[in-house]
1. Only residues in the stretch 294-312 that are more than 11 Å from residue 168 (Cα to Cα) count as the first member; pair them with residues that are among the polar types (S, T, N, Q) and away from the ligand (no atom under 16 Å from the Cβ), Cβ under 9 angstrom, at least 6 apart or cross-chain, and list the lot.
2. Taking residue 113 as meeting all but one of (1) surrounded by fewer than 24 Cβ atoms within 10 Å (Cβ to Cβ); (2) free of Cβ contacts under 8 Å to residues at least 40 places away in the same chain; (3) among the acidic types (Asp, Glu), write down the number of the exception.
3. Out of 273, 222, report the one residue that is aliphatic (A, V, I, L, M) and within 12 Å of the ligand (Cβ to nearest atom).
4. Find all pairs meeting these conditions: Cβ atoms under 9 angstrom apart; at least six residues apart or on different chains; first residue within the stretch 145-173 and at positive phi; second residue assigned to a strand (DSSP E or B).
5. Identify all residues within the stretch 347-360 that are assigned to a helix (DSSP H, G or I) and in contact with a strand residue (DSSP E or B) (Cβ under 8 Å, 6 or more places away or on another chain); write none if there are none.
6. Within the stretch 127-142, identify whether any single residue is at pLDDT below 95, in a helix (DSSP H, G or I) and either touching a Lys or Arg at 6+ places or on another chain (Cβ under 9 Å) or within 13 Å of the ligand (Cβ to nearest atom) (or both), and answer yes or no.
7. I'm trying to understand the selection: among the residues of the stretch 437-449, which are in a helix (DSSP H, G or I) and either closer than 25 Å to residue 181 by Cβ or open to solvent by 70 Å² or more (accessible area, probe 1.4 Å) (or both)?
Amino acid sequence: MRYISTRGGAPALTFEQAMMTGLATDGGLYVPETVPTLTTDQIAAMAGQSYEQIAFTVMRPFIGDTFTDDEFRAMIDRAYAGFGHDARAPLVQLAPNHFLLELFHGPTLAFKDFAMQLIGQMFQAALTRSGERITIVGATSGDTGSAAIEAFRGLDNVDVFILFPHGRVSEVQRRQMTTPVESNVHALAMDGDFDDCQAMLKDMFNDTAFRDGVRLAGVNSINWGRVLAQVVYYFSSAVSLGAPHREVSFTVPTGNFGDIFAGYIAKQMGLPIKDLVVATNQNDILHRTLETGSYTKEGVTPSISPSMDIQVSSNFERALFYAYGGDGAAVGAQMDDLKSGGFKISQGAYQYLRDRFVSGRASEEETSDAIKTYLAKHGELLCPHSAVGVHVAEDHLGATPMITLATAHPAKFPDAVNAASGVKPPLPPRMADLYDRDERVTRVACDFDAIATLIKERIAL
Ligand SMILES: *Cc1c(COP(=O)(O)O)cnc(C)c1O
């Protein structure tokens, strides 16, 4: 299994290389040269299996000979051992044909743990084998950073730097990043919004001297390993509702298009998915794009679902690559246009996307209303991101079971949840002392040279 760049101008890599590299040298993202498929029998055999067993079947065809079967099984087991729920990704019922997939039982209470815990295991194994030391730099709207820190804290051969937008993450998110005591963890509060943080990260990867000098590695959702780990819960949840003998649909609260793209891969692999519904908050560039065929940047307006406050949706490039039939030059040209504000998708590619994704948006008021209503009428206290999901899902309920992804625990966003519902969700007991721990954070300007210097100084220590 080889991985190729969405812009067609970088060498093909193995799974291990693609995972360690993150961004391709031509600025593109890695995708598998062909998407492997599972037979109906293979999917049917998942019924009643553990999450870990399903994870192995789904991911094994993608990793080539990077790890042996036994190594890979052991990594999967370790990755999910720290979750607070035996099912890992349990399904609960909201309404006659509407289900909630709880992806928030990991160590940082958001779905990012599913991928990051596994990435941590895979990086550690690969680095132990090669004897290398790397510097991980991540940009986060809150949840990726805490999940990355949790996955890499205390590892010998890794330094982890996380850039988050100062003042724009929730207190729980911030504390999860600033309270780990391990010296290889560096939380950087940057002036700007998430798109600025993400742009800074891209600049670092595009600066070859810096990238090679610090042995930069990325764990943002551009990392193929992240997408891959997220494909698993589409299978586990669909199978528990009767797939492959029955179709299901999914609604996915979306920011960077990573999670929903994993659903697209699940469908390509043969999982019978009817609708893939993209749910956005008021920062609705993806909804507008799917409605109009034009991807046009506007400013980011902070919302109560901050992990989706984004205008430049990195993983959308992967969907474009498939929509353009694998034409890397066409994707590259669109990404060049994006630098000057936006691009118009060609008719054929737009039709491809329309055939595979539907979309909707939730305003701030609709999000708050959903939190309130779902507590009163369905007995579920939702985080604001999941509330965006159920609001949008309601327009797509029908004969096919709908699974809405609950991407974070409500206690990660207690203020917004309290304002909407009057209930302040407590943290799970295993992390109840989070508010009492000391914080350690460095405030930085949105300035490449300053941040690069800081990173070089810290890793020399
Ligand atoms: C990251 C995140 C999202 C958005 O996921 P993408 O993969 O970026 O689309 C939604 N909700 C929560 C809670 C998140 O942390």
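1. These pairs meet every condition: 295/334.
2. Against the list (1) surrounded by fewer than 24 Cβ atoms within 10 Å (Cβ to Cβ); (2) free of Cβ contacts under 8 Å to residues at least 40 places away in the same chain; (3) among the acidic types (Asp, Glu), residue 113 comes up short only on (1).
3. So the residue among 273, 222 that is aliphatic (A, V, I, L, M) and within 12 Å of the ligand (Cβ to nearest atom) is 222.
4. Between residues of the stretch 145-173 that are at positive phi and residues that are assigned to a strand (DSSP E or B), the close pairs are 154/185; 167/189.
5. Across the stretch 347-360, the qualifying residue is only 356.
6. Looking for residues that are at pLDDT below 95, in a helix (DSSP H, G or I) and either touching a Lys or Arg at 6+ places or on another chain (Cβ under 9 Å) or within 13 Å of the ligand (Cβ to nearest atom) (or both), one finds at least one in the stretch 127-142, hence yes.
7. Correct list: 449 only.
Listed here are the residues, each with its yes/no results for (1) within 12 Å of the ligand (Cβ to nearest atom); (2) outside any helix (DSSP H, G or I).
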| residue | (1), (2) |
| --- | --- |
| 245 | no, yes |
| 249 | no, yes |
| 252 | yes, yes |
| 259 | yes, no |
| 262 | yes, no |
| 278 | yes, yes |
| 283 | yes, yes |
| 290 | no, no |
| 322 | no, no |
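The values are calculated or read from the model by the stated rules, or taken from the named source; none is laboratory data. All values reported here derive from a predicted model rather than from experimental measurement. For neighbour counting, all protein chains shown are included, and Cβ atoms are generated from backbone atoms with ideal geometry for every residue, glycine included. For accessibility, only protein heavy atoms count, side chains too; no ligands or nucleic acids. Shrake-Rupley method; radii C 1.70, N 1.55, O 1.52, S 1.80 Å.
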